[in-house]
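S.K.: Dropping the structure in here first, questions after.
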Amino acid sequence: MSYKFLNNTVLITKSYIDSYVKSGQVVLDATVGNGNDTALLAEKVGSNGKVYGFDIQEHAIQKTKDLLNRFNFLERVELIKDSHENIQKYIPCKLDFIIYNLGYLPGGNKSIITKASSTIKSIHESLELLNNNGLLLINSYIGHENGLKEKNAVENMLKSLNQKKFNVLKNTFINQKNHPPILYIVEKSSDL
Ligand SMILES: C[S@@+](CC[C@H](N)C(=O)[O-])C[C@H]1O[C@@H](n2cnc3c(N)ncnc32)[C@H](O)[C@@H]1O
């Protein structure tokens with residue numbers, strides 16, 4: 001299969017980052033993993049912006065650090081080795097853009113995964129920190145154990161958000177076999 005625009009939710013996520021994230025913004029990568037989204041975010045916010053990045057694995061933090069170093073982006077990124085359920089302990093300001101990639105680290109230990117209860121707690125905290133008209137993206141993978149449970153918990157929580165405060169879009173591939181991923185996009189209203 002060879003697609004240019006609708007290949008997978010990772011590519012769609014990148015196009016949102018490309019068109020939404022601007023120089024000088026403060027943004028959050030809640031699951032840095034191998035650092036690919038973190039590096040793209042760092043490029044987009046520029047030297048006067050800031051990226052916060054969380055992961056519970058030292059291995060992920062180190063891989064992300066190495067990648068950022070290669071592009072000279074380390075100064076604009078604060079990497080935190082802690083669960084994203086504690087983001088309010090570390091982030092003292094509002095955020096323009098937030099991303100979550102749920103599941104396990106690609107190429108890493110598949111038993112270390114995001115979990116429904118901490119993910120939900122973290123998303124609640126993130127939504128509070130999100131600026132008006134800020135975007136929060138969540139990539140959810142349901143092909144692995146616990147993925148479906150987490151996706152259901154996330155979706156139920158997002159469904160319950162007051163539409164006067166948040167609009168939520170669900171994107172998925174409806175003709176793909178083998179549990180295609182789901183990309184949720186949340187915008188915070190400016191009428192708060
Ligand atoms: C799908 S990977 C992220 C991929 C990443 N976006 C990339 O570009 O490579 C999910 C990551 O979430 C991390 N993770 C799991 N539970 C976490 C938690 N409670 N807080 C922060 N990160 C967590 C895992 O260690 C893993 O690295």
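S.K.: Have a look at Leu11, Leu137, Leu40 and tell me which one the Gaussian network model of the chain (Cα, springs below 10 Å) gives the largest fluctuation.
M.R.: Leu11
S.K.: With +1 on each Lys and Arg Cβ and -1 on each Asp and Glu Cβ, and nothing else charged, work out how big the dipole of the chain is about its Cα centre, in Debye to the nearest 20.
M.R.: Value, rounded to 20: 340 debye.
S.K.: Kindly provide the chymotrypsin sites (Phe, Trp or Tyr not before Pro) of region 24-103 that DSSP labels as loop, not H, G, I, E or B, and whose Cβ sees at most 12 other Cβ atoms within 10 Å.
M.R.: Passing sites in region 24-103 are Phe71.
S.K.: Report the GluC sites (Glu not before Pro) located in region 92-157 that are in a DSSP loop and have at most 13 other Cβ atoms inside 10 Å of their Cβ, or state none. Don't jump to the answer; show the numbers that get you there.
M.R.: Details: sites: Glu125, Glu128, Glu145, Glu150, Glu155; in loops: Glu145.
Loop-located and lightly packed - Glu145.
S.K.: If I histogram all Cα-Cα distances within the chain using bins 10 Å wide from 0, what percent of pairs lands in each bin?
M.R.: Calculated over all Cα pairs of the chain, the distribution is 9, 38, 40, 13, 1 percent.
S.K.: Once every DSSP H run of n ≥ 4 in the chain is given -39500 (n - 2.57) and the sum is divided by its residues, what mean residue ellipticity at 222 nm do you get, rounded to the nearest 500 deg cm²/dmol?
M.R.: Calculated at 222 nm, the ellipticity per residue is -10500 deg cm²/dmol.
All of the numbers you see were taken from the coordinates with simple rules; none came from a lab. Model, not experiment: these values are computed from the prediction. We place every Cβ from the backbone using ideal geometry, glycine too, and count neighbours over all the protein chains shown.
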